[in-house]
C-alpha cells in the first residue's frame, strides 16, 4: 500500500502554497498479498520518503501528461465514442486550472530568480519541470484537435473558450 500526506515545511507561503508543499509518502509492505484468507496481514516493512515541492510538481505534471495522453489516445482510436464529456472535463481542468492555479503556480514557485539562486542544486529538476510543461502544452494541443473533431455543436462555446485559454497558457509558458 502507498499513501501520500501533504504537509508544509517551514513557513507556509500564503501567495503560493506550492513553494512549501512537501509530500510524505508512506509505503507499507505486508507479509502476504491481498486478498488473502485473513482480513489483515502484518506489516513487514514501512518506508517513509519526503518529496520536495519541486519533485512533487514534476510528479504531478508527469502524471497529468500521462493521463491526458491515455485519454486522447482512447478517443483517437475510437475506444470511447459519442460522449466527449470526459475529454472536455480533463482538458478544461488543465487549461482552466482556476482551482489551484495550474502550471502558472509552478512557474511562479520554481522559475523565480530568487528560488533558482537559493537552490542551485535543483537546476536539473527545474529543467525537467520546464520540459514536462512544454510537453503538456503539446499534448493539450493534440487533445484540443481531437476535441474539435468530436465536440457537439452545443458545446462549441466551451471549445472556443478552451482554445482561447490554451493560447494564453501557451504564451505565458514561453515568456
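To make sure I understand, if each residue's beta carbon is the centre and we count other beta carbons within 10 Å, what order do 22, 40 fall in, fewest to most?
Ranked by crowding around the Cβ, least crowded first: 40, 22.
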* **GNM top mover of 41, 150, 18 - the chain, alpha-carbon springs below 10 Å** => 41
* Coarse-grained scattering of the stretch 2-51 at q = 0.13, 0.17, 0.18 Å⁻¹, given as base-10 log I(q)/I(0) from a Debye sum over alpha-carbon atoms -> -0.47, -0.61, -0.65
* **Cα-Cα pairs of the chain separated by more than 19 Å (percent)** => 65 percent
* Structure fact -> One finds the C-alpha centres of the stretch 154-175 and the stretch 1-38 to be spaced, in Å, by 33 Å
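Relative contact order for the chain using alpha-carbon pairs under 8 Å, separation at least 6, rounded to a whole percent?
It comes to 21 percent, rounded to a whole number.
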* Ranked by Cβ crowding within 10 angstrom, fewest neighbours first, how are 37, 163, 95, 23 ordered? -> 37, 163, 23, 95
* Asked: When a footprinting reagent is the concern and you count Cβ atoms within 10 Å, what order do 130, 113 take, fewest first?
  -> 113, 130
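Values quoted throughout were computed directly from the atomic coordinates according to the rules given, and no laboratory measurement underlies them. Everything numeric here is computed off the predicted structure, so don't read it as measured data. Don't worry about glycine lacking a Cβ; one is built from the backbone with ideal geometry, like all the others, and counts go over all protein chains shown.
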